[in-house]
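These notes are about the structure you will find just below.
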Amino acid sequence: MSTVHNPALLAPYLKLDQGGKIMAEYIWIDGTGGLRCKTTTVDAPVKSVAELKEWNFDGSSTEQAPGHDSDVYLRPVTIFKDPYRGGDNILVLCETYNSDGTPNRTNHRFHANKAMEAAKEYVPWFGLEQEYSLLDADGWPLAWPKGGFPAPQGAYYCGVGQGKVFARDLIEAHYRACLYAGVEIAGINAEVMASQWEFQVGPCEGISMGDHLWMARFLLIRCAEEWGIKVTFHPKIIKDGDWNGAGCHTNYSTKEMRAPGGMKAIEAAIAKLEVKHMDHIALYGTDNELRLSGKHETAHISAFSWGVADRGASIRIPRHVAAQGYGYLEDRRPASNIDPYEVCGAIVKTTLL
Ligand code: ADP
Ligand code: MN
Ligand code: MN
Ligand code: MN
């Protein structure tokens, strides 16, 4: 059975009015780092999360709670416009809490938010480069010969033309869905491996970085559902051969780094990151050791390094930043499957607190 949506059948229903009520899609991170969602009717359009109810779900079905105490609570934290339903309908990103009031195991936002609050005066900004791969329904990379491989890497990165880029229509839909929703998407590009892409989100201040990245991921997976395409954030889907992995480069700056003379603050932050290298690696994504091999524009996982314009280093200072003497740094270590709350929280703790 085809699972691809049939827009023609749905079209007449999309024109029906909603009787003044709206639909609020509550979205949360589950026990495996995946996304879940469910919808509730709200009596009238809302402007802030304070107007939305705390809700709950069956955590035993999402690896977030045992069956005998299965209620997990959803607390709305950010609202985005709903590009699928349109109108006053909304997407609501939520934090998850256990029945005793403690944050759920995968509620990394709770902890990151404390760090962001404590570091507020430094005005930390982040910009994330989310790489990902597209798969066919059978799990093999989209448009690759079944059980085989496409032409070697070289023409795919920022490619144009038949046989060089795949699913551009899906990527365009996602970009526009992000802009409509209010996600701070900064750009897109086709990546080095065939059927691998990247979108950038930011710069975003503090905790909002994680909110916007998670919502951008939700929109991508949701759009791809309509195309019958799978999205994977695994950092190394093809382990052998000359195929790039997928990362989530984390660009970072503080108020001081962004001002003339900021290079000193950038170098001081790098020195602090160096000392905590392995602590950061522990939070920088599962299976990241498969990706951080020292090849394919990565630094080896076991050694910290940094350099100007060096794509083989753990931390890169962009050439234009070094030239003007201020700006930001790029942490190239995070894998595509990170929780951005964990990574941004750790960077702030290590460099500022
Ligand atoms: P790359 O050359 O590594 O591929 P990209 O253009 O893909 O770089 O991404 C650069 C990212 O850096 C963007 O997400 C952008 O929002 C972010 N960025 C730009 N300036 C800053 C800054 N001052 N602080 C943090 N992030 C920034
Ligand atoms: Mn990039
Ligand atoms: Mn990239
Ligand atoms: Mn980068």
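Please tell me if THR106 is assigned to a loop (DSSP other than H, G, I, E, B), buried (at least 20 other Cβ atoms within 10 Å of the Cβ) and either assigned by TED's automatic domain parsing to the domain that holds ILE229 or not hydrophobic (A, V, I, L, M, F, W, C) (or both). Yes: the conditions hold for THR106.
Which of the residues belonging to the range 109-131 are part of a helix (DSSP H, G or I) and of a type in the set (D, E, K, R)?
ARG109, LYS114, GLU117, LYS120, GLU121
Kindly establish whether SER133 is over 12 Å from the mean Cα position of the chain (by Cα), within 16 Å of ligand 2 (Cβ to nearest atom) and either buried (at least 21 other Cβ atoms within 10 Å of the Cβ) or under 19 Å from ASP331 (Cβ atoms) (or both). Answer is yes for this residue. Looking at GLY307, GLY261 in this structure, which one is more than 26 Å from ALA216 (Cβ to Cβ) and assigned to a strand (DSSP E or B)? It is GLY307. Of everything in the range 237-291 that is within 16 Å of ligand 4 (Cβ to nearest atom) and among the hydroxyl-bearing types (Ser, Thr, Tyr), the residue that is nearest to TYR157 (Cα to Cα) is THR250. Of the set (1) within 14 Å of ligand 1 (Cβ to nearest atom); (2) of a type outside the set (Asp, Glu); (3) at positive phi, all apply to PHE199 but (3). Selection of the range 85-116 for residues being among the β-branched types (Val, Ile, Thr) and free of Cβ contacts under 8 Å to residues at least 40 places away in the same chain yields only THR102.
Against the numbered list (1) surrounded by fewer than 14 Cβ atoms within 10 Å (Cβ to Cβ); (2) in contact (Cβ under 8 Å) with a residue 12 or more places away in the chain, GLY67 comes up short only at (2).
The values are calculated or read from the model by the stated rules, or taken from the named source; none is laboratory data. Everything numeric in this text was worked out from a predicted model, so none of it was measured. Virtual Cβ from ideal backbone geometry, glycine too; neighbours counted across all protein chains shown.
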